[in-house]
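In what follows, a structure is listed as structure tokens, so that the remarks can point back to it.
The values are calculated or read from the model by the stated rules, or taken from the named source; none is laboratory data. On a predicted model such as this, the values are computed, not experimentally measured, just so you know. For neighbour counting, all protein chains shown are included, and Cβ atoms are generated from backbone atoms with ideal geometry for every residue, glycine included. Note: accessible area is taken over every heavy atom of the protein model, side chains too, but ligands, DNA and RNA are not part of it. Shrake-Rupley method; radii C 1.70, N 1.55, O 1.52, S 1.80 Å.
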Amino acid sequence: MNARATDAEAIARVKSLIGDDGFTQAFADVEDASGLPNAAYWSDEWLALEQERVFRRSWVFAGAEAEIPEPGDMKPIEIGGAPLIIMRGMDGKVHAVHNVCRHRGARLVTEPCRKSSITCPYHAWNYALDGKLRARPHFSGPDSVDRFENGGGDKLDLVPVRVETWNGCIFANVSGDADPLEVWLAPFLNRTRAYDYSAIRWAGRIDFEVRANWKLVYENYMEGYHVFSVHPKLLKFAPMNVRWSGEWDAHVFYNDYVFPEIEEGRGGGLPHYPGLPEKDAQRGLWFLCFPHFAAEVFPDQFTLLVSYPVAPDLTREELHVFLIGDAATSDEHRGPREAVLQMWDDLNREDLGMLELLQQGRLSPAYDGGRLSPHWEGPTHQFGRRIVEKIIAA
Ligand code: FES
Ligand SMILES: [Fe+2]
């Protein structure tokens, strides 16, 4: 374990759920270690720890800017169990607030919509698009209206959430004290300097509901070990002998391969990043910025796989595809663009069944976290360790 400050109470809570042995295993070398014990995949209390101490204290992808293109566009999202509204204000900027009325606590927004202000469905308190209280009808007696020119202050305005954007991606940090976004993204950006991300444009999103723990999505995402038996088409595109285990660089997992031939869906029929060197034209890279920003970078695209826990055994997964410039929206590129989305949809569906089997297997008292492949699964093991480290951090 490293020397970062830890929280004794959190350590005690972790040990009460996964045992002293599970705790020790998380910090062992992969040669001798198992993955996290079953409780980390089934326990409500464990998920509550992750929500509170991992998700709320990190940068979390909260959607694409293209999902809220116009002033007044908004969407509800839950991050770390906290309901939020992500919206575009009249100033054209992205704002985030807690999705709860300051009066009696009604949830304000339940689906994506466009509004010029937010009116609570219960007693109609009205808030501006930056969360400031504007009016409270009948609050001080029949037919009265309390109006607020400059908002109602800390106790009455919607509670703001720290939010930042990066090339069309929105990130929120509920606790407000994560490192600056550019510091958090740096290990990923440093490895992909050849890619001009200012050229990426949102091309669409595919949603999946997975009957498995959110961590299994990423444990599976990191290792190429299962490709030979689960992904026949992907295996043909990038066989086992071009693959390696990947590695962590600080809090960012990184992996890559060079594929023998370009095909539609990855690198074929669509414009590449401007100025991308020839040597990268047949390269695929993928990243996981801990805890849940997973990006795949191919010469023609930037694809995200983000996994939001709903319950210990239920995950909402969003796949966002960004393409280069016009290719994201133009009629001319429709065919190859749809091929990219279809490729990701097919590939992900091949994984879903496996994720559900992994979840079910973790009901077995005969499973203790398993024996991992030191060749392929070192990074997977480290993912579990990072979860524990983040939970117990002071
Ligand atoms: S709960 Fe929102 S106005 Fe009463
Ligand atoms: Fe897979």
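Solvent-accessible area per residue for segment 247-394 at a 1.4 Å probe radius, Å²?
Numbers: 5540 Å² over 148 residues.
Accessible surface, normalised per residue, equals 37 Å².
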Quiz prompt | In degrees, nearest ten, helix 8-26 long axis to first principal axis of the chain (Cα) | solution = 20 degrees
Quiz item: Using alpha-carbon pairs under 8 Å, 6+ residues apart, how would you state the relative contact order of the chain in percent?
Solution: 21 percent
Quiz prompt | FRET efficiency, 1/(1 + (r/R0)^6) with R0 30 Å, evaluated for Met90 and Leu347 via beta carbons | solution = 0.15
Exercise. Post the alpha-carbon centroid distance, segment 61-130 to segment 313-362, in whole angstrom.
Key: 27 Å
Quiz prompt | Protection proxy ranking of 275-284, 155-164 - average other beta-carbon atoms within 10 Å, highest first | solution = 155-164, 275-284
Quiz item: Could the peptides 361-373, 325-337, 251-263 be put in order, highest first, of the mean number of other beta-carbon atoms found within 10 Å of their residues?
Solution: 251-263, 325-337, 361-373
Self-check item: Where labels lie 7 Å past Cα in the beta-carbon direction, separation of Ser144 and Ser116 in nm
Solution: 2.7 nm
Practice problem: Measure nothing but the geometry: give the 0 to 90° angle between the long axis through the Cα atoms of 334-361 and the longest principal axis through the Cα atoms of the chain, rounded to 10°. | Solution: 80 degrees
Quiz item: Carbon and sulfur: what percent of the chain's accessible surface (1.4 Å probe)?
Solution: 49 percent
Exercise. Could I have the simple spin-label model distance between Val258 and Glu31, label points 7 Å from Cα toward Cβ, reported in nm to one decimal?
Key: 3.1 nm
Exercise. Positive end of the charge dipole of segment 191-367 (Lys, Arg +1 and Asp, Glu -1 on Cβ, about the Cα centre): tell me which of Pro365, Ser245, Val306 has its Cα farthest that way.
Key: Pro365
Quiz item: Using a Gaussian network for the chain with springs between C-alpha atoms less than 10 Å apart, which of these wobbles most: Arg134, Arg193, Arg13?
Solution: Arg193
Practice problem: Please give the length that would be gained between Ser175 and Met354 if that part of the chain were fully extended, namely 0.36 nm times their separation in residues minus their C-alpha to C-alpha distance (nm, one decimal). | Solution: 61.1 nm
Quiz item: Based on the Cβ-Cβ distance from Ser16 to Tyr367, what FRET efficiency comes out when R0 is 25 Å, to the nearest 0.05?
Solution: 0.80
Quiz item: Say the dipole of the chain comes from +1 at the beta carbon of Lys and Arg and -1 at that of Asp and Glu; which of Asn99, Ala5, Ser16 then lies farthest toward its positive end?
Solution: Asn99
Quiz prompt | Accessible surface, segment 1-53, averaged per residue in Å² (probe 1.4 Å) | solution = 50 Å²
Self-check item: Charge dipole (debye, nearest 20) of segment 191-367; +1 at Cβ of Lys and Arg, -1 at Cβ of Asp and Glu
Solution: 300 debye
Self-check item: Straight-distance crosslink candidates among lysines, where the alpha carbon sits under 25 Å from Lys155 and sequence neighbours closer than 8 are dropped
Solution: Lys75, Lys93, Lys115, Lys132
Practice problem: Could you tell me what percent of the DSSP beta bridges with both partners in the chain are antiparallel, to the nearest 5? | Solution: 95 percent
Quiz item: Under the rule of -39500 (n - 2.57) per DSSP H run of 4 or more residues, summed and divided by the residues of the chain, what mean residue ellipticity at 222 nm is obtained, to the nearest 500 deg cm²/dmol?
Solution: -8000 deg cm²/dmol
Quiz item: Put a dot 7 Å past each Cα toward the Cβ at Ser229 and Glu9; how far apart are the dots in nm?
Solution: 4.4 nm
Quiz item: Could you give the length gained on full extension between Thr24 and Asn126, defined as 0.36 nm per residue of separation minus the Cα-Cα distance, in nm?
Solution: 31.6 nm
Practice problem: Any lysines with Cα under 30 Å of the Lys15 Cα? List them, leaving off those in the same chain fewer than 8 positions away. | Solution: Lys215, Lys390
Self-check item: Per the chain, cysteines lacking a partner by the 4.7 Å Cβ criterion
Solution: Cys113, Cys169, Cys289
Quiz item: Applying 1/(1 + (r/R0)^6) with R0 = 35 Å to the Cβ-Cβ distance of Ala106 and Ser43, what FRET efficiency is obtained, to the nearest 0.05?
Solution: 0.70
Quiz item: Using alpha carbons only, how many degrees (0 to 90, rounded to 10) separate the axis of helix 181-190 from the longest principal axis of the chain?
Solution: 20 degrees
